[in-house]
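Here's the structure, in structure tokens; my notes come after.
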Amino acid sequence: MKNILFVASECTPFIKTGGLADVVGSLPQALKQNEKMEVRVILPLYNEISIEHRNAMEYHSSFHVQVGWRNQEVTIYSMEYNQIIYYFVSNEYYFDRKGIYGYYDDGERFVFFSQAVIEALKHLDFIPDVLHAHDWQAALTVALAKISEPIHDMKTVFTIHNLKYQGVMPLGAYHDFFDLPTEHIAGLEWNGMLNCLKAGLFHADKITTVSESYAEEIKIPYYGEGLHPVLLDRGEDVIGILNGIDTKEYNPLTDPNIHVNYRSSKVRKKENKMFLQEKFDLPVNSDIPLYIMVTRLVEQKGLHLVQHILDEFMQEDIQLIVLGTGDEEFETFFSEAANRYPQKLVTLLTFNEKVARQMYAGGDFFIMPSKFEPCGLAQLIALQYKTAPIVRETGGLKDTVQPFNEITNEGNGFSFLNYNAHELLTVLRYSLKVYSNQEQWSQLLKNINKCQYSWKESAHKYANLYEQLIPIFV
Ligand code: ADP
């Protein structure tokens with residue numbers, strides 16, 4: 001039996017801001033089918049984690065870590081949830097705050113978290129063979145594991161869920177937060193700054209990212225976010241493994257959040273559409289094509305393209321519901337647009353899992369024209385709820401959505417190549433044409449019904465990777 005410890009800053013069902021949480025929540029569940037390994041997960045104990053979950057936690061251990069001159073107390077709690085053991089790193093000063101990111105000292109908070117995880121390795125009732133860290137907030141655990149070797153010959157995997165967020169701090173943070181010899185600066189430094197993500201890329205035994213296309217894309221400047229030379233250097237050690245989704249969790253047949261459960265029934269899906277139209281004061285008519293967006297309102301998601309062509313698209317006989325939170329620029333834009341088209345466009349500036357699922361269930365089309373997309377889970381959830389994704393051909397979107405081809409009848413959605421608003425508009429109009437052609441629309445839904453995006457295959461790939469790292473895997 002080999003032990004794998006996941007280190008991350010979010011994880012469903014405890015705390016979520018995006019796809020990272022879904023992956024860290026569902027991948028251990030998929031890996032647990034493999035009897036040769038045990039996966040446990042360690043997370044920060046945020047104030048936002050519900051009282052129900054907190055009540056289920058048990059005290060595990062406590063100790064101190066030095067964040068430079070700061071002597072910080074750490075308490076580890078643990079709990080079992082769905083047969084996985086979770087550890088939580090508690091410290092009031094760093095984590096007893098509203099929300100989970102966006103503080104001036106986020107860098108210091110996750111330096112602390114990483115140091116606490118490394119120190120915790122001496123206290124846990126679990127000795128990892130592989131430490132598997134996710135995104136910049138956990139990246140320093142990989143560096144510290146290599147530098148200070150808390151466990152002899154522990155291997156490390158670092159997964160990039162999004163290269164854009166790197167945890168960059170002034171280089172002075174190296175001496176301010178760490179008590180490490182100067183020779184290690186080079187591994188943590190990039191462009192004159194301390195860069196947590198670079199530290200992970202530099203030190204990890206293997207690097208994975210969440211789709212094959214993104215694994216290639218990030219080696220070129222357009223997608224590399226300034227780190228492409230580091231990724232090029234790591235060459236064959238950078239592997240793309242497509243994310244899956246928890247198909248039990250996202251199942252329209254059993255999802256208690258949606259109005260009417262369904263497997264593939266068009267009639268029942270239309271009932272969900274009418275429920276949404278009624279709920280959000282849109283004209284109730286199941287024939288009107290309903291487009292939805294569930295997204296962080298940030299540039300990455302291709303919202304500038306939507307901004308450009310929205311007024312033109314709104315001339316069509318359609319409805320659009322947008323659910324999201326994020327940058328003020330986009331929040332204002334979509335609110336104002338909703339005022340201009342009260343009969344057609346609804347903007348919901350909130351994070352709401354239940355409404356999101358009702359939208360996946362009621363929508364006909366899911367718009368996701370990302371500028372870049374490491375994997376994207378939203379389009380997979382849409383497919384699971386039989387909602388046709390409309391995407392830009394990048395990263396995981398390219399690997400999971402094949403454009404509908406009316407000649408060969410293949411394809412599970414719609415896509416366009418260039419980051420160009422009128423290419424998006426053209427494909428949106430094409431989607432309307434397919435919707436109005438009963439035969440083609442039925443064919444597209446048939447193709448969507450055949451899609452499989454569970455974790456099964458990808459979990460195998462992760463297991464193989466761990467096996468490669470620990471050859472005597474018994
Ligand atoms: P990212 O991680 O870049 O935000 P993904 O597509 O990988 O994008 O994952 C986004 C996840 O967050 C999906 O599960 C999506 O349904 C969910 N989500 C995004 N915005 C909201 C929102 N406002 N309310 C509820 N769920 C949301």
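What the table shows:
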item	result
Share, in percent, of DSSP beta bridges within the chain that are antiparallel, nearest 5	30 percent
Test item: Cα-centred dipole of the chain, Lys/Arg +1 and Asp/Glu -1 on Cβ, debye	1280 debye
Cα-based Rg of the range 266-449 normalised by 2.2 N^0.38 Å, two decimals	0.93
Dipole axis of the chain (+1 Lys, Arg; -1 Asp, Glu on Cβ), positive-most option in HIS60, PHE366, ASN339	PHE366
Computed [θ] at 222 nm, deg cm²/dmol, the chain (DSSP H ≥ 4; -39,500 (n - 2.57); rounded to nearest 500)	-11500 deg cm²/dmol
³J(HN,Hα) computed for each position of the range 392-401 - Karplus, 6.51 cos²θ - 1.76 cosθ + 1.60, integer Hz, glycine/proline x	8, 7, 9, x, x, 5, 5, 7, 10, 10
Highest average packing first - 301-309, 412-420, 100-108, 192-200, Cβ atoms within 10 Å	192-200, 301-309, 412-420, 100-108
Solution diffusion estimate, µm²/s, Stokes-Einstein, the range 244-353, Kirkwood Rh from C-alpha pairs, 37 °C, viscosity 0.692 mPa s	216 µm²/s
Value of Rg to Rh for the chain (Rh from inverse mean 1/r over Cα pairs, i.e. Kirkwood)	0.98
Positive minus negative residues near VAL401 (Lys, Arg vs Asp, Glu; Cβ under 10 Å)	0
For the range 1-92, fraction of C-alpha pairs farther apart than 22 Å, in %	30 percent
Percent of C-alpha pairs per 5 Å bin, the range 159-214, short to long	4, 19, 27, 23, 13, 9, 3, 1
Stokes-Einstein D (µm²/s) once Rh is taken as the Kirkwood radius of the range 315-416 over alpha-carbon pairs, at 10 °C in 1.306 mPa s	109 µm²/s
Relative contact order of the range 266-449, defined on C-alpha pairs under 8 angstrom at six or more residues apart (%)	21 percent
Spatial separation of Cα centroids for the range 118-166 and the range 1-37, in angstrom	14 Å
Computed label-point distance, nm, for sites LYS456 and ASN352 using a 7 Å Cα→Cβ extension	3.6 nm
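Each reported figure results from applying straightforward, stated rules to the coordinates on display, with no laboratory input. No experiment lies behind these values; they were computed from the predicted model shown. No Cβ is skipped: glycine too gets one built from the backbone with ideal geometry, and neighbour counts run over all protein chains shown.
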